[in-house]
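> Submitted below is the structure of interest, expressed as structure tokens.
The values are calculated or read from the model by the stated rules, or taken from the named source; none is laboratory data. Quantities reported herein were computed from a predicted structural model and do not represent experimental measurements. As a convention, Cβ positions derive from the backbone with ideal geometry for all residues, glycine included, and neighbour counts pool all protein chains shown. We work out accessible area using only protein heavy atoms, side chains counted, and drop any ligands, DNA or RNA first. Shrake-Rupley method; radii C 1.70, N 1.55, O 1.52, S 1.80 Å.
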Amino acid sequence: MQRRDFIRLSSAVASTALLGPSLAGCSQPAEWQRLMTEPPATETPTVCNICFWSCAAKVHTRGERLWKITGNPEDSHCEGRLCTRGTGGVGAYYDPNRLLKPLVRVGKGADQRFEVASWDNALALVAERMTRIAREHGPDRMAALVHGPGAAHISHLVRAYGSDSIAEPAFAQCRGPRDTGFYLTFGQGFGSPEQTDMANARCIVLIGTHIGENLHNSQVRTFTDGIRNDATIIVVDPRFSVAASKARYWLQIRPGTDIALLLAWIHVILAEQLYDADDVSRTFLGLDSLAAYVAAFTPEWAYGETGIEPQQIRETARTMAAVAPATVLHPGRHSTWWGDDTQRARAMAILAGLLGIWGRKGGYYLPEKVALPGYPTPAYPKPKSSWRDLTLPHFPLAGAPVTNVIMDNAYGKDAHYKGLFVYDTNLPMTMPGIRRILEEAARSLDLIVAVDVQPAEITGYADVVLPECSYLERYDPLRNNDEREPSIALRAPALPPRGESKPGWWIAKQIGERIGLGTYFPWKDYQEVIDWQLRQVGTSLAEMRKTGVKIFPRKTPIYYAPGETPTFDTPSGKIELYSKTLEDAGFDALPRYTRPKAPPEGFYHLNYGRAPQHSFSRTQNNPVLYQLMPENLVWIHPTAARRFGIRNGSYVELVNQDGIASNKVRVRVTERTRPDSVWLVHGFGHTAPGLFLAHGNGADDSSLMTRVLYDPIMGGTGMRGNFVTFRKGGA
Ligand SMILES: Nc1nc2c(c(=O)[nH]1)N[C@H]1C(S)=C(S)[C@@H](COP(=O)(O)OP(=O)(O)OC[C@H]3O[C@@H](n4cnc5c(=O)[nH]c(N)nc54)[C@H](O)[C@@H]3O)O[C@H]1N2
Ligand SMILES: Nc1nc2c(c(=O)[nH]1)N[C@H]1C(S)=C(S)[C@@H](COP(=O)(O)OP(=O)(O)OC[C@H]3O[C@@H](n4cnc5c(=O)[nH]c(N)nc54)[C@H](O)[C@@H]3O)O[C@H]1N2
Ligand code: SF4
Ligand SMILES: [Mo]
């Protein structure tokens, strides 16, 4: 892809909006003409929910037809533009396979057969089982696995009921190790959006972090701004990613050896004294120990581990130090890779500390959010047991509930948890190795509820499936993220819910009232909650329905003042290069490098990630995005293709180290993957029979991840330690 194409990514996809109505059954051009001209268009503000970057948008409708979705020009976060997927949100509304009625499982055990139920009956069943669990075992024995902004409704219900076991895959399958590593070093993690000041950077370092394929809208644009401003781009990736194609330095690292590279970079910066000496004495804890520790980790040593030439390691270290603090060392996002992920994040945080980029222009800015009060409801009861009781003995520094710990305690007759709520997360494709556990859970738990918009894999395991309407048909909690310019954004319904689908807030309130928790839902509807909140910050629902976004002036500076000595929220108040907290918990106080397992003879690293057209496993059945990318391809290096006699465009099955085979998947032979690795876009290979478009297309990376590398510090599920070989098959 040319650089110009890359910059234009988001405008090039505007045309995808045109596909939506045609898929909804319009016969062009007469029907199209009609749709374009009458009745007059209405605009309703929303916040995109196709991924969690939360861009503010406008939904354009004509009567009860959805026309298109465009970026909200008032939004400083998305700068008025949506990405491919956000524009394709039209397909989330028109998806012919949407869940439109509640379902109750009639199959026994793990049998996935369902009957349509009325809302009354479905809610009564949930209420009856929740009441029984509370009476017989205690409400703390109910857990919830949730994701996305709407999760707040279910979390509120479950907390009011008396449980704090509420986990998101955003921790143990995504950002957890990164945030833990930075938290241990700086006393603070990263939020979403990440506070990288790429537009002002002179040097940008990406470790993995495949921006451009990872299509977090404004992040792609600030990265592009950095490129346009001639920042030096350094990309560390075993694969020739889109970002690598923009880089001055592409370091094609041997998979899993990043800590070695980071230690060598730190070695060079300390050995050549490339850091700000003033900063070092004032703000660092443990510099001497660090210097002694990294003395042995020379670029020559790292070359043996990473395959990156010593001269390149020196040159890149000098480059990032020369322009610091205007250097963005991107902290990454999906960081559950090799099991030593918190330590990799620590190594990155230490390097960021030495470069002095925290709170500096061109490095990491200091984010701010709006002080938006919550709607007053009674205090939650204190749970009899907490998620911490089950988690900390295994993962002592887990700062948030861990999905896998909950699931490990949610199957079998003697399981701690007796009931499970699942909202907006498709566990079978999200948590490696979970299908067997879910089958057991479906047999043994008193209740599994899934709230979803489509008959995704997870719904097959539920006793009760509750159909939520799409984000285009509902109110949700206001967007209020920590970012550059504090702002709030409104998601309001642009269309009535299709079928009998209902908003999450309604579902939570209905269940709450049926189990005696009505006082936690003292409002008539969610408009009332939002309007109350908005009035506390000087606006109202009526005003926000017009604008969609309100930007607030910052109350604190975005960067530290020159010469300022900040205090960090660590035990010492300093940047902790040496972590006593880790040491006291029995871990390495300085990041240790462990050589990853190499693939066995005839096997290849299973590498995976994103494509710009899709989000996780949630968009493959979206008719608009399906058209843009109906299946994933497995990238195979020409040497491997030759060895196995595999042709470009043919189909193969991937078979992992434990003999587990994937669906058939089409081959792309390319030098963009390393000779020792294959590449697969996550989210394909759906098995749910109700997803007519997505079912059976491409291969599911999760199903091949039978070897999980747990992070002993915080419980993350490292996914990169799996290997595959090929079985020829298919047409
Ligand atoms: N289009 C789209 N964009 C998305 C999403 C989506 O679903 N769709 N999801 C969003 C979310 S929640 C997340 S968390 C992010 C995920 O996106 P990222 O945070 O960017 O994910 P990573 O795993 O860091 O990046 C994958 C890259 O790491 C490389 N890699 C593999 N192994 C190694 C290794 O050992 N070392 C190094 N240095 N690199 C390696 C791969 O080749 C690949 O290019 O994307 C976000 N953006
Ligand atoms: N193998 C593998 N596993 C991964 C990753 C990977 O790259 N490979 N990536 C990891 C990362 S970084 C992340 S963040 C997680 C993401 O993991 P998840 O959050 O589980 O993401 P999805 O797979 O999109 O599943 C979303 C589910 O919510 C449903 N849904 C969509 N919209 C709505 C809605 O408006 N309301 C409700 N109630 N439901 C809705 C969808 O139908 C789907 O069932 O996955 C992690 N797991
Ligand atoms: S990045 Fe794209 S999919 Fe994600 S919220 Fe923004 S427009 Fe929607
Ligand atoms: Mo993620």
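> Ranked highest first by the average count of other Cβ atoms within 10 Å around their residues, in what order do 393-400, 323-330 fall?
Values: 393-400: 17.5, 323-330: 24.0.
Ranked from most to least packed, the peptides come out as 323-330, 393-400.
> With an 8 Å cut-off on Cα pairs and a minimum separation of 6 or more residues, tell me the relative contact order of segment 604-728 in percent.
Working: 268 pairs, mean separation 42.1, N = 125.
About 34 percent, as a whole number.
> Okay, moving on. Just to be sure I understand the rule: take each whole DSSP H helix in the chain, project its Cα atoms onto its long axis, keep it if the span is 20 Å or more and its mean Kyte-Doolittle hydropathy is at least 0.5. Which ones pass?
341-355
> Now, a different point. With the cut-off at 21 Å, report for segment 329-402 the share of all Cα pairs above it, as a whole percent. Don't skip to the answer; put the middle values down first.
Numbers: 1541 of 2701 pairs.
Summing the P(r) of segment 329-402 above 21 Å gives 57 percent of all pairs.
> Can I get the semi-axes of segment 132-227's equivalent ellipsoid? Compute them from the C-alpha gyration tensor as square roots of 5 times the eigenvalues, in angstrom, largest first. Write out the running numbers ahead of the final one.
Details: eigenvalues 282, 42, 22 Å².
They are 38, 14, 11 Å, listed from largest to smallest.
> If you take the alpha carbon radius of gyration of segment 563-614 and divide it by 2.2 N^0.38 Å, what ratio comes out, to two decimals? Write down the numbers at each step before the final one.
Details: Rg = 19.6 Å, N = 52, 2.2 N^0.38 = 9.9 Å.
Compared with the compact-globule rule of thumb, segment 563-614 sits at 1.99.
> So, one more: Within the set of other residues whose C-beta is less than 13 Å from the C-beta of Leu184, count the net charge using Lys and Arg as +1 and Asp and Glu as -1. Each step should come with its number before you reach the end.
Values: positive: Arg178, Arg344, Arg346, Lys574, Lys580; negative: Asp179, Asp341, Asp569, Glu576, Glu583, Asp584, Asp588, Asp711.
Combined, the nearby Lys, Arg, Asp and Glu give -3.
> Could I ask something else about it? Using modelled backbone amide H atoms (1.01 Å from N, in-plane), which distant-in-sequence or interchain residues come within less than 5 Å of Leu99's amide H?
Correct list: Gln454.
> For the pairs Lys58/Lys369; Lys509/Lys555; Lys58/Lys101; Lys361/Lys550, flag any whose C-alpha to C-alpha distance is greater than 32 Å. Mind showing how you got there, number by number?
On the way: Lys58/Lys369 22 Å; Lys509/Lys555 35 Å; Lys58/Lys101 27 Å; Lys361/Lys550 25 Å.
Pairs exceeding 32 Å: Lys509/Lys555.
> Explain nothing, just the number: relative contact order of segment 640-703, from Cα pairs under 8 Å at least 6 residues apart, as a whole percent.
Numbers: 83 pairs, mean separation 18.0, N = 64.
It comes to 28 percent, rounded to a whole number.
> Computed over the Cα atoms, what is the radius of gyration of segment 604-728 divided by 2.2 N^0.38 Å, N being its residue count? Don't jump to the answer; show the numbers that get you there.
On the way: Rg = 14.5 Å, N = 125, 2.2 N^0.38 = 13.8 Å.
That ratio works out to 1.05.
> Separate question: Along its three principal axes, how long is the chain when you only count alpha carbons? Whole Å, largest extent first please.
70, 62, 61
> Another one. Checking a compactness column here: for segment 219-356, what do you get for Rg(Cα) / (2.2 N^0.38 Å), N being the number of residues?
1.02
> Note down the Stokes-Einstein diffusion coefficient of segment 499-588 in µm²/s, whole number, using a Kirkwood radius over alpha carbon pairs, 37 °C, and 0.692 mPa s. Could the numbers behind the result be given before it?
Details: Rh = 18.7 Å.
Rounded, D is 175 µm²/s.
> Please list Lys524, Lys580 from largest to smallest accessible area, probe radius 1.4 Å, with all protein chains kept in place.
Working: Lys524 150, Lys580 105 Å².
Heavy-atom accessible area, descending, gives Lys524, Lys580.
> Using all alpha carbons of segment 101-188, what is the percent of pairwise distances in each 5 Å bin, ordered from the shortest bin to the longest?
Going from the shortest bin to the longest, the percentages are 3, 12, 13, 16, 19, 18, 8, 4, 5, 3, 1.
> Semi-axes of the equivalent ellipsoid of segment 377-481: what are they in whole Å, largest first, if each equals the square root of 5 times a C-alpha gyration tensor eigenvalue? Show your work: numbers first, answer last.
Working: eigenvalues 113, 86, 41 Å².
Computed over segment 377-481, the values are 24, 21, 14 Å.
> While we're looking at this one, here's another question. When only alpha-carbon atoms count, how far does segment 74-138 stretch along each of its three principal axes, as whole angstroms with the largest first?
Here the Cα extents, ordered largest to smallest, are 52, 31, 24 Å.
> On a 1.4 Å probe surface of the protein chains, which of Asp237, Asp414, Asp584 comes out largest in accessible area, and what is the full order?
Working: Asp237 10, Asp414 150, Asp584 110 Å².
Descending order: Asp414, Asp584, Asp237.
> Return, for the Cα atoms of segment 307-354, the radius of gyration and Dmax in Å, separated by a comma.
Radius of gyration, then largest Cα-Cα span, for segment 307-354: 12.3, 32 Å.
> For Ile204, Ile166, give me the order by solvent-accessible area with a 1.4 Å probe, most accessible first, ignoring ligands, DNA and RNA. Don't jump to the answer; show the numbers that get you there.
Details: Ile204 0, Ile166 25 Å².
Listed by decreasing accessible area, they come as Ile166, Ile204.
> Given a 1.4 Å probe and the protein chains all in place, what does the accessible area of Thr209 round to, in Å² to the nearest 10?
Probe radius 1.4 Å; accessible area of Thr209 about 20 Å².
> I've got another one for you. Using 0.36 nm times the number of residues separating Ala41 and Lys369, minus their current alpha carbon distance, what extension gain do you get? Write out the running numbers ahead of the final one.
On the way: separation 328, 0.36 × 328 = 118.08 nm, distance 3.31 nm.
Extra length from Ala41 to Lys369 when fully extended: 114.8 nm.
> If you roll a 1.4 Å probe over the chain with all protein chains in place, what percent of the accessible area is carbon or sulfur?
Working: 13590 of 26790 Å².
Result for the chain: 51 percent of the exposed heavy-atom area is carbon or sulfur.
> Hey, what did the chain get for relative contact order, percent, Cα under 8 Å, at least 6 apart?
Numbers: 1662 pairs, mean separation 138.6, N = 731.
That works out to 19 percent.
> In debye, nearest 20: dipole of the chain around its Cα centre with unit charges on the Cβ of K, R (+) and D, E (-)? Before the final figure, lay out each step's value.
On the way: 80 positive and 74 negative charges, 272 e Å.
The dipole of the chain has a size of about 1300 debye.
> Give the Debye-formula value of log10 I(q)/I(0) at each listed q (0.16, 0.23 Å⁻¹), with one equal scatterer per alpha carbon of segment 440-521, two decimals each.
Each listed q corresponds, in turn, to -0.80, -1.11.
> Would you mind finding the longest exposed-site-free stretch of the chain, with exposed GluC sites (Glu not before Pro) meaning DSSP loop and at most 11 other Cβ atoms within 10 Å? The partial results should precede the final answer.
Details: sites that count: Glu64, Glu564, Glu601, Glu671.
Longest run free of exposed loop sites: 65-563.
> Ok, one more. Sort out for me the Cα centre separation of segment 172-194 from segment 351-410, rounded to whole Å.
If we compute the Cα centre of each part, the gap is 9 Å.
> Please report, in whole Å³, the volume per residue of the convex hull around the C-alpha atoms of segment 411-453.
Numbers: hull volume 3.0 nm³, N = 43.
Spelled out: Cα convex hull of segment 411-453, divided by residues, is 70 Å³.
> Also: Before I look further, what does the chain give for accessible area per residue, probe 1.4 Å, in whole square angstrom? Intermediate values should be presented prior to the final figure.
On the way: 26790 Å² over 731 residues.
Using a 1.4 Å probe on heavy atoms only, each residue of the chain averages 37 Å².
> Once ligands and nucleic acids are excluded and a 1.4 Å probe is used, how much of Leu103 is accessible, expressed in Å² to the nearest 10?
40
> Roll a 1.4 Å probe over the protein heavy atoms and report the accessible area of Leu693 in Å², nearest 10.
50
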